[in-house]
Amino acid sequence: MSALTDSPAWQALLDHHQEIKDVHMRDLFKKDRGRFERFSERSSGLLLDYSKNRITEKTMGLLGDLARSCGVEEARDRMFNGAHINTTEDRAVYHVALRNRSDRAMIVDGHDVMPEVRAVLEKMRHFCDDVREGRWRGVTGKRIRTIVNIGIGGSDLGVIMALQALRSYQSDDLTPRFISNVDSSHLVETLRGLDAETTLFIVSSKSFTTQETLLNATSARTWLIKKLGTDAVRHHFVAVSTNEEKVCDFGIDTDYMFPFWDWVGGRYSTWSAIGLAIALVLGMDKFEEMLEGAFAMDEHFRTSPIEHNIPIIMAMLGVWYANFFGWSTHAVLPYDQYLTRFPQYLQQVDMESNGKRVDLQGRPVDYQTGPIVFGHAGTNAQHSFFQLLHQGKWDVSMDFIGVANNHHPLRDHQTILLSNFLGQTKALMWGKTEKEVRAQLKKKGVSAERIDQLAPHMTFPGNKPTNSLVLPLITPFTIGQLLALYEHKIFVQGVVWNINSFDQWGVQLGKELARDLAPQITGEAPIMGNDCSTQGLLKYMKLLKKE
Ligand code: F6P
């Protein structure tokens, strides 16, 4: 037994789970009209309603005890104090410094990083103003009209998600595009129809060694040179990276490299110069509003007691379902078309952070860690996988994200959208009993025989837990808040599970093997030394390959 599962706080929750597991939320709501007030929290306009969870006040007290006994508050303080909490890479985890909007020094290894953070923000501002106001031009003197971000994972997902979320703030003067997949189709389709003279490429890579990004950047450079000549590269390529040497080797002038630091994890880097495409397309003021929103959430997380701390509450509810109910999956369901990419972004932040199987001391853990995260925008998701959420055998915990106002108030679209948001969370919680189904069918004049046939199919068990997050409107500020909220939630869960949420060794092995296999595909190396499946696949692909 690990120290965690052996702890009194864990054991108390195990006992409490026996009391709660068969309780229906319907009955909890019937008994307690104050449930919403009791189980909701607000921070700078954002509301979390967590009353539709399988919890009582006792549950929340015990989850709070667990958080306290796992040292969540101390770990949070260590992160905000710049300690090397990413132990396997011996680094601080300091993305909070990137959005520190106060005068507070942010110290890593005895050194205040704020002057460098502010200097890079200033450099970004100058560059963005130059591009947006037409002082920075392409090699033939034309204004830049398209920004192509070349990056993958954390150097792509946050930027693409934020730009999609904030599309209503974008003018038609500058259009963003993205190349991430090493599949050449992504590059070719993205560059199709683009005017090289008005295109600016940002090569975004923390390490500047990522195979996909470097190959894509090299092919994009070839495309540009073919159209405009070698001299064009310095007018049409900039870089965002921590690796100055590699940026130089690639041929990008380091005056046009926007740096960040090893204490910023890739999946936590949207706040750094990795967000350059956001700043270019929306303007630096909007990018800084996003930082303000994240800072507001950082302050809430840093200073609120456990009982009123939104990221901690969400994290502990996740622990409740993962470790005590034994559920593996968590769905994120934004009811706003602008947030369509949010679940995909969150998949990396959550699953790359907490998809771990050994604890900080390297011992295998005897409890579940990070969940499988999936999701999609409502109402489309309702017509896709909601059937399983309502009546399937797998249990899934859920976050619904609702937005009170719409950028495009058109007829009754927003009313219908919000009524679906509310209707779904209500249906998931309440369900529909067989008795209710039978009464409804009888009222409609359905025959007794047919009622017997239909009733089991039309019954909903309910008791499906949902968090409801409500934002006033999608703005740079609220996007900043939302992202920071989930980052901190994931951090808290990592602390409880005693894992390192900030490394990602699991993505290495596949990369190494791919490097070894490439020469076997090209014929530079013989097809050998593989298991028979890999061997068979390689040979078949070779057979199918068109000369
Ligand atoms: O997927 C592994 C990973 O290292 C991510 O953590 C990171 O966001 C991504 O690759 C891209 O890395 P880089 O920014 O160094 O190109």
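Bear in mind these aren't lab numbers, they're just calculated from the coordinates by the rules spelled out. Keep in mind that what you see is a predicted model, and the values were worked out from it rather than measured. Cβ sites come from the backbone with ideal geometry, for glycine too, and all protein chains shown count toward neighbours.
One table, with the values for the structure above:
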| item | result |
| --- | --- |
| Output for the range 63-83, where each listed residue is in contact with a Lys or Arg (Cβ under 7 Å, 6 or more places away or on another chain) and surrounded by fewer than 16 Cβ atoms within 10 Å (Cβ to Cβ) | none |
| Check on Gly378, crowded, with 19+ Cβ neighbours inside 10 Å and in a loop (DSSP other than H, G, I, E, B) | yes |
| Phe374 of a type in the set (Phe, Trp, Tyr), more than 11 Å from Trp497 (Cβ to Cβ) and more than 11 Å from the chain's Cα centre (by Cα) | no |
| Index of the failed condition, Ile274 passing every other in (1) within 20 Å of Thr146 (Cα to Cα); (2) out of contact with any strand residue (DSSP E or B) (no Cβ under 8 Å at 6 or more places or on another chain); (3) crowded, with 24+ Cβ neighbours inside 10 Å | (2) |
| Subset of the range 281-290 that is out of contact with any Asp or Glu (no Cβ under 8 Å at 6 or more places or on another chain) and surrounded by fewer than 24 Cβ atoms within 10 Å (Cβ to Cβ) - its residue that is farthest from Glu73 (Cα to Cα) | Gly283 |
| Options Asp350, Asp366: the member that is in a loop (DSSP other than H, G, I, E, B) and either closer than 22 Å to Phe325 by Cβ or touching a Cys at 6+ places or on another chain (Cβ under 6 Å) (or both) | Asp366 |
| From the options Met106, Met60, residue that is over 30 Å from Ala404 (Cα atoms) and of a type outside the set (Lys, Arg) | Met106 |
| Filter result for the condition that a residue is more than 16 Å from the ligand (Cβ to nearest atom) and in contact with a Ser or Thr (Cβ under 8 Å, 6 or more places away or on another chain), over Trp497, Trp505 | Trp497 |
| Condition broken by Gly34, with the remaining ones in (1) surrounded by 13 or more Cβ atoms within 10 Å (Cβ to Cβ); (2) among the small types (Gly, Ala, Ser); (3) farther than 23 Å from Pro461 by Cα satisfied | (1) |
| Conditions (1) within 30 Å of Trp505 (Cα to Cα); (2) in contact with a helix residue (DSSP H, G or I) (Cβ under 6 Å, 6 or more places away or on another chain): number failed by Arg145 | (1) |
| Test: Ala315 is within 29 Å of Val117 (Cβ to Cβ), within 16 Å of the ligand (Cβ to nearest atom) and not in a loop (DSSP other than H, G, I, E, B) | no |
| Residues satisfying the stated conditions in the range 102-136, i.e. of a type in the set (Lys, Arg) and either without any contact (Cβ under 8 Å) to a residue 40 or more places away in the chain or within 16 Å of the ligand (Cβ to nearest atom) (or both) | Arg104, Arg118, Arg135 |
| Residue selected from the range 189-216 under the condition in contact with a Lys or Arg (Cβ under 8 Å, 6 or more places away or on another chain), farther than 27 Å from Gly510 by Cβ and in a helix (DSSP H, G or I), by the criterion nearest to the ligand (Cβ to nearest atom) | Ala196 |
| Evaluation of Thr5 against (1) among the β-branched types (Val, Ile, Thr); (2) surrounded by 18 or more Cβ atoms within 10 Å (Cβ to Cβ); (3) part of a helix (DSSP H, G or I) (one fails), failing number | (2) |
| Among the candidates Val139, Val148, residue that is in contact (Cβ under 8 Å) with a residue 40 or more places away in the chain and away from the ligand (no atom under 16 Å from the Cβ) | Val139 |
| Residue within the range 102-109 that is touching a strand residue (DSSP E or B) at 6+ places or on another chain (Cβ under 6 Å), farther than 30 Å from Pro364 by Cα and exposed (fewer than 14 other Cβ atoms within 10 Å of the Cβ) present | yes |
| Helices (runs of 4 or more DSSP H) (entirely within the range 217-308) containing at least 1 residues that are of a type in the set (Gly, Ala, Ser) | 276-282, 284-303 |
| Residue count, the range 493-533 (criterion: of a type in the set (D, E, K, R) and either touching a Gly at 6+ places or on another chain (Cβ under 7 Å) or within 30 Å of Leu360 (Cα to Cα) (or both)) | 4 |
| Condition met for Thr478 (free of Cβ contacts under 8 Å to residues at least 24 places away in the same chain, of a type in the set (Val, Ile, Thr) and away from the ligand (no atom under 16 Å from the Cβ)) | no |
| Answer from Phe342, Phe325 - the residue that is crowded, with 21+ Cβ neighbours inside 10 Å and touching a residue at least 60 places away in the same chain (Cβ under 8 Å) | Phe342 |
| Test result for Leu166, closer than 29 Å to Leu291 by Cα, within 16 Å of the ligand (Cβ to nearest atom) and buried (at least 21 other Cβ atoms within 10 Å of the Cβ) | no |
| So Phe301, is it away from the ligand (no atom under 16 Å from the Cβ), of a type in the set (A, V, I, L, M, F, W, C), within 30 Å of Arg167 (Cα to Cα) and in contact with a Lys or Arg (Cβ under 6 Å, 6 or more places away or on another chain) | no |
| Subset of the range 469-503 (residues that are over 20 Å from Tyr94 (Cα atoms) and in contact with a strand residue (DSSP E or B) (Cβ under 7 Å, 6 or more places away or on another chain)) | Leu469, Val470, Leu471, Leu473, Ile474, Thr478 |
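To keep it simple, each residue is scored yes or no on (1) among the acidic types (Asp, Glu); (2) in contact with a Leu (Cβ under 8 Å, 6 or more places away or on another chain).
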{"position": "Asp112", "(1), (2)": "yes, no"}
{"position": "Arg145", "(1), (2)": "no, yes"}
{"position": "Gly153", "(1), (2)": "no, no"}
{"position": "Asp172", "(1), (2)": "yes, no"}
